[in-house]
Amino acid sequence: MTENPPDAAEHPGATRGSSASLEITRPDDWHLHLRDGALLERVVPATARRFGRAIVMPNLVPAVTTVEAALAYRGRILAACPENADFEPLMTLYLTDETPASEIEAAAKSPHVAGIKVYPRGATTHSSEGVSDLAACVSVLEALASCGLPLLVHGETTAPECDVFDRERVYLEETLSKVIDRYPTLRVVFEHITTREAAAFVREAPARVAATITPQHLLLNRNAIFEGGLRPHHYCLPVLKRERDRLALLAAATSGDPSFFLGTDSAPHTRDSKESDCGCAGIYSAPVALEAYAEAFASAGALDRLEGFASCFGADFYGLPHNASRVRLAEQPWSPPDWNGEGESAIRVFLGGQRLRYRVEDARL
Ligand code: DOR
Ligand code: ZN
């Protein structure tokens, strides 16, 4: 197996466990960036046509820090959905050092808010209002632990001396594991895990701790950032890790363990902001995400486990019913377009131009 196959469909492992087509319960995306304004209108259809629900990240500018702001954002998302879309955005609040416990209690009462997101301050895109020390957010953590609303964690330390490839492991050791121990009823989603240490931690943790895994972290290792030159469109945070980490994530995702479920972290940025002196982190995968997960699961001979990961385990963790409708993935090789849009405002599509084995039927790009 090549580490980053240029053509995933020709990947020898991808034939194992494949079948002509696969029908699964309509999936959900438990970690998604939809942005706002014109960008929102461009990216929401790709998700709304494929996924039943999505947990929508609150890192707008200004950040979505209140229930009121989350409900207003939800309205804008619904207005941007294609007609007849069967899609429910699940909103999140952005935790700051100033968030009062009363806002957590209000969020828990809202049927439209599904979680509270913590960004360590300065860890990633639009995190400058994030939390300076999660362990110090005592009243908020107590409120979360008592109301059952999950804490969604971007798990990376921001200590400047910490190597960028060690930031997730160090945050887990120094902060997240301690918070999880200290609040025995706190529910946590360790978002977009990227390391074998994170996968092992979640596997061993109680059922109140879960993790999402992105398609890029299942298909690529960090060589993809440097393949023949610098590849800004493969830069996301947490950054891609080693092959041994990718294999540990693939094993976790395909294990059937309900603690691991789908979260694309699809994060659109326009071409000018990616191909720049200081390019933004984020990979736009929404139009190809389910197909990309299918490639990954097929490479592990585990297509029969895709449905649990994509359509069941996340809903079970969030206490929501599985979607009633189904989607069909046909074995029908195709190549996604390279770009959404044109010129400087185009968005690079993950796996654009590569040949993929599976295609979601009846879902336009
Ligand atoms: O790659 C990323 N992009 N990681 C994040 O944590 C944020 C996201 C974004 O909003 O662009
Ligand atoms: Zn994200």
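The values are calculated or read from the model by the stated rules, or taken from the named source; none is laboratory data. Bear in mind that the values here come from a model prediction, so they are computed numbers and not experimental data. Backbone-built Cβ (ideal geometry, glycine too); neighbour counts: all protein chains shown. Surface areas here come from the heavy atoms of the whole protein model, side chains and all, with no ligands, DNA or RNA. Shrake-Rupley method; radii C 1.70, N 1.55, O 1.52, S 1.80 Å.
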**Q.** Meets criteria (away from ligand 1 (no atom under 12 Å from the Cβ), within 25 Å of residue 58 (Cβ to Cβ) and either surrounded by 16 or more Cβ atoms within 10 Å (Cβ to Cβ) or touching a residue at least 24 places away in the same chain (Cβ under 8 Å) (or both)) for residue 224
**A.** no
Q. For segment 128-141, how many residues meet the condition of being over 21 Å from residue 173 (Cβ atoms), touching a helix residue (DSSP H, G or I) at 6+ places or on another chain (Cβ under 7 Å) and touching a residue at least 40 places away in the same chain (Cβ under 8 Å)?
A. 1
Q) Restricting attention to segment 220-261, and to residues there that are in a loop (DSSP other than H, G, I, E, B) and touching a His at 6+ places or on another chain (Cβ under 7 Å), which single residue is nearest to residue 152 (Cα to Cα)? A) 238
Q: Take residue 304 and decide whether it is charged (D, E, K, R), part of a loop (DSSP other than H, G, I, E, B) and open to solvent by 50 Å² or more (accessible area, probe 1.4 Å).
A: no
Q) Based on what the data block shows, is residue 52 out of contact with any strand residue (DSSP E or B) (no Cβ under 8 Å at 6 or more places or on another chain) and small (Gly, Ala, Ser)? A) no
Q | All positions within segment 199-220 that are under 20 Å from residue 300 (Cα atoms) and buried (at least 21 other Cβ atoms within 10 Å of the Cβ) | A | 199, 211, 212, 213, 214, 215, 216, 217, 218, 219, 220
Q. Here are 257, 245: which of them is more than 26 Å from residue 37 (Cβ to Cβ), among the charged types (D, E, K, R) and open to solvent by 30 Å² or more (accessible area, probe 1.4 Å)?
A. 257
Q. For residues in segment 115-144 being closer than 22 Å to residue 238 by Cβ and away from ligand 1 (no atom under 16 Å from the Cβ), which is surrounded by the most Cβ atoms within 10 Å (Cβ to Cβ)?
A. 137
(Q) Test of understanding: among 61, 56, which residue is surrounded by fewer than 19 Cβ atoms within 10 Å (Cβ to Cβ) and within 16 Å of ligand 1 (Cβ to nearest atom)? (A) 61
Q. When you look at residue 309, is it open to solvent by less than 30 Å² (accessible area, probe 1.4 Å), away from ligand 2 (no atom under 16 Å from the Cβ), of a type outside the set (Lys, Arg) and out of contact with any Pro (no Cβ under 7 Å at 6 or more places or on another chain), yes or no?
A. yes
Q: Would you be able to say whether some residue in segment 83-102 is open to solvent by 40 Å² or more (accessible area, probe 1.4 Å), touching a strand residue (DSSP E or B) at 6+ places or on another chain (Cβ under 8 Å), within 16 Å of ligand 1 (Cβ to nearest atom) and at negative phi?
A: no
Q: Filter segment 173-198 down to residues that are surrounded by 17 or more Cβ atoms within 10 Å (Cβ to Cβ), over 22 Å from residue 255 (Cα atoms) and in contact with a Ser or Thr (Cβ under 8 Å, 6 or more places away or on another chain), then give me how many there are.
A: 1
Q. List the pairs whose first member sits in segment 262-276 and is hydroxyl-bearing (Ser, Thr, Tyr) and assigned to a loop (DSSP other than H, G, I, E, B), whose second member is open to solvent by less than 10 Å² (accessible area, probe 1.4 Å) and within 11 Å of ligand 1 (Cβ to nearest atom), and whose Cβ atoms are under 8 Å apart, counting only residues at least 6 apart or on separate chains?
A. 264/31; 264/32; 264/214; 264/285
